[in-house]
Amino acid sequence: MNHHSRRDFIKTGALGSLLIGTGIFAGAACTSVKQRGKAKNVIFLVSDGMSVGALTMADHVLRRRDGKPSNWIRLLEEGKVRQANMDMASANALVTDSAAASCSWGCGHRVNNGSVNIGVNGETHKPILPIFGDAGRSTGLVTTAEITHATPAGFAANVESRNMAEKIAEQYLDRRLDVLMGGGDRRYNPEKRSDNKDLYAEYRAGGYHVVTSKQEIGSRLPDAPFLGVFDHGHVPYTIDHLHTPELMESVPTLAEMTELAIQKLSSNPNGFILQVEGARVDHAAHSNDPAGLIYDQIAFDNAIQTALDFTENRDDTLVIITTDHGNSNPGLSSGSNSNFDKINHFKHSSEWVRRQLNESSSVSRIKEVMEEATRLQLADLEATAMRDVLRGVYTHVASRRSGMASVYGEILSNHTNITWASTSHTSDYVELASYGPGSEALEGYVKNTDLFRVMVEAAGIEERFLTFEEEMAA
Ligand SMILES: [Zn+2]
């Protein structure tokens, strides 16, 4: 908990890196994490693209609507977590992408934006899920993005580009991950894959239990390794999920997936590592969509509760709660609280709105769709701006503000006071909360790459598992 222990960590952490090559890492040299080997389990929860404003506004909504704080803020309020600011820069950019961000945690190296555990000189870094798997732990990935997307891939795959999603799906099978849940049917389905391979059949042949809807799951996962793919692409935004009964039937929430994953993974007496990603907070931020953002952040917060339920009355689990970068820096700007409370009545995301409209939509049709999605009545000027974007004739002096995302965000800011700085990732140092064995090293200011060593040391993973076998032989 004190600053002294953290400085020791940084010092011996650097020493530990030097010693890896000589095989001394597993010995007494690395005493940085005080509770070395005490973490049987690691649960890593990441809200993707979560600026502090997203965390704040989700907490505002929960306090004002439900009379209770978010789990994340309550943990801070009650002093139950250690807190840090984390520098998420990648090897080649102050502003990271999700692939490089996840790899910094997943392999302990900064890589270039877009690459997945391939270093700046082409070197292959073994990611943390195969490391834990080889050490006898169970491994899992749960996300609201496609399961092959950048953040889960950063913990489990090695490819030159995050865009190689079909190959990532094959690597997950080769690496025998125990639980995979998210979207991304198009990466598995033979009718959708570019090579027409039937990845579902390959997974089944490899012993996996495969499902493509919530109804097929039942109350617990089978003993076999498990693949659950619940959408063609990313799973729906929470705000759309909540207001579409068919989706509620067929697609589990992030918290439901997390609970099933923990239940299954924790049956391994050697322990497990699980990454849980609230992926669409990032997508909503790119879209300057306040309801998409806030409700997906709340869904992520519900997954934190699931982790808390598991760790209650146990001290053998390192829990890390963070984000990989800011995005668009949303925030509540001054105005009346009742404007902000309008967010409680939204029914759909901007993605849903876009699906109802096209380049020939009229101003009155736009107003009708927006009223259905947000319960707001747009002014003619606002709906006209949206129509002009749809027709490709809207221009704005600021290049970052000329697309639909900016126009949508600015129109809604007139009504809700929720404002945005851009439509892309930011370099802001990010919030990091953690508890359990190993968390003592995560206070103050940390670098993204520190987390890899903290997880590996806290779990007491032996040095021989940190590289792929063939590389050690070479
Ligand atoms: Zn993003």
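The values are calculated or read from the model by the stated rules, or taken from the named source; none is laboratory data. If you're wondering where the values come from, they're calculated on a predicted model, not measured in any experiment. Neighbour counts run over all protein chains shown; Cβ positions are idealised from the backbone, glycine included. Areas reflect the complete protein model, heavy atoms only, side chains present, ligands, DNA and RNA absent. Shrake-Rupley method; radii C 1.70, N 1.55, O 1.52, S 1.80 Å.
Observations on the model:
- Relative to the dominant Cα principal axis of the chain, helix 404-416 is inclined by about 70°.
- Relative to the dominant Cα principal axis of the chain, helix 98-107 is inclined by about 20°.
- Anisotropy class of the stretch 291-394 from Cα gyration tensor, a/c 1.5 cut: prolate
- Kirkwood Rh, angstrom, the chain [1 / mean 1/r, Cα pairs]: 22.8
- Placing R0 at 51 angstrom, the Cβ-Cβ distance between residue 175 and residue 359 gives a FRET efficiency of 0.70 after rounding to 0.05.
- Ratio Rg/Rh [Cα only; Rh per Kirkwood] for the stretch 148-255: 0.96
- Cross-link reach list, aspartates and glutamates versus residue 38, counting only Cα pairs under 19 Å and skipping chain neighbours closer than eight places: 8, 134, 312, 315, 316, 440, 443, 450, 457, 462, 463
- Taking a straight line from the alpha carbon of residue 192, these aspartates and glutamates sit under 18 Å away, with near neighbours fewer than eight places off in the same chain left out: 146, 166, 170, 202, 231.
- Heavy atoms of the protein chains alone define the surface here; on that basis the stretch 335-419 has 50 Å² accessible area per residue at 1.4 Å probe size.
- A Stokes-Einstein calculation at 20 °C with viscosity 1.002 mPa s, built on the Kirkwood radius of the stretch 226-319 over Cα pairs, returns a diffusion coefficient of 148 µm²/s.
- Normalised by residue count, the stretch 335-419 yields a Cα convex hull volume of 89 Å³ per residue.
- Computed extension gain for residue 391 through residue 316, at 0.36 nm per residue and net of the alpha carbon distance, reaches 21.3 nm.
- Of all lysines in the structure, those lying under 24 Å Cα to Cα from residue 347, and not within fewer than 8 positions of it along the same chain, are 68, 214, 367.
- In the chain, the DSSP-assigned H stretches of four residues or longer account for a calculated mean residue ellipticity at 222 nm of -11500 deg cm²/dmol, using -39500 (n - 2.57) per stretch and the full residue count as denominator.
- C-alpha center-to-center spacing [the stretch 142-202, the stretch 221-277] in angstrom: 15
- Derived from the Cα gyration tensor, the three semi-axes of the equivalent ellipsoid of the stretch 360-474 are 50, 18, 14 Å, largest first.
- For the stretch 166-228, GluC sites (Glu not before Pro) meeting the loop criterion (DSSP other than H, G, I, E, B) and having at most 12 other Cβ atoms within 10 Å: 191.
- Kirkwood analysis of the stretch 233-279, using all unique Cα-Cα pairs, places the hydrodynamic radius at 12.2 Å.
- Note on the stretch 98-213: Rg/Rh from C-alpha atoms, Kirkwood Rh, equals 0.96.
- Heavy-atom SASA rank of 443, 368 (probe 1.4 Å, accessible area, largest first): 368, 443
- Residue 115 accessible area, assembled protein chains, probe 1.4 Å, Å²: 10
- Surface composition of the stretch 72-131: carbon and sulfur atoms hold 45% of the protein heavy-atom accessible area at a 1.4 Å probe.
- Local electrostatic count, residue 212, Cβ distance below 10 Å [Lys/Arg +1, Asp/Glu -1]: -2
- Dipole orientation for the stretch 213-292: of the candidates 241, 281, 254, 254 has the Cα lying most toward the positive pole (charges on Cβ; Lys, Arg +1; Asp, Glu -1).
- Taking trypsin sites (Lys or Arg not before Pro) across the stretch 367-474, none is in a DSSP loop with at most 10 further Cβ atoms lying within 10 angstrom of its Cβ.
- Relative contact order (percent, whole number), the chain, Cα cutoff 8 Å, 6+ residue spacing: 27
- Among the trypsin sites (Lys or Arg not before Pro) in the stretch 111-170, none is located in a DSSP loop while being surrounded by at most 16 other Cβ atoms within 10 Å of its own Cβ.
- Here the label points at residue 77 and residue 201, each 7 Å from Cα along the C-beta direction, are separated by 5.5 nm in the simple model.
- Point-to-point label distance, residue 410-residue 445, nm (Cα→Cβ direction, 7 Å offset): 3.6
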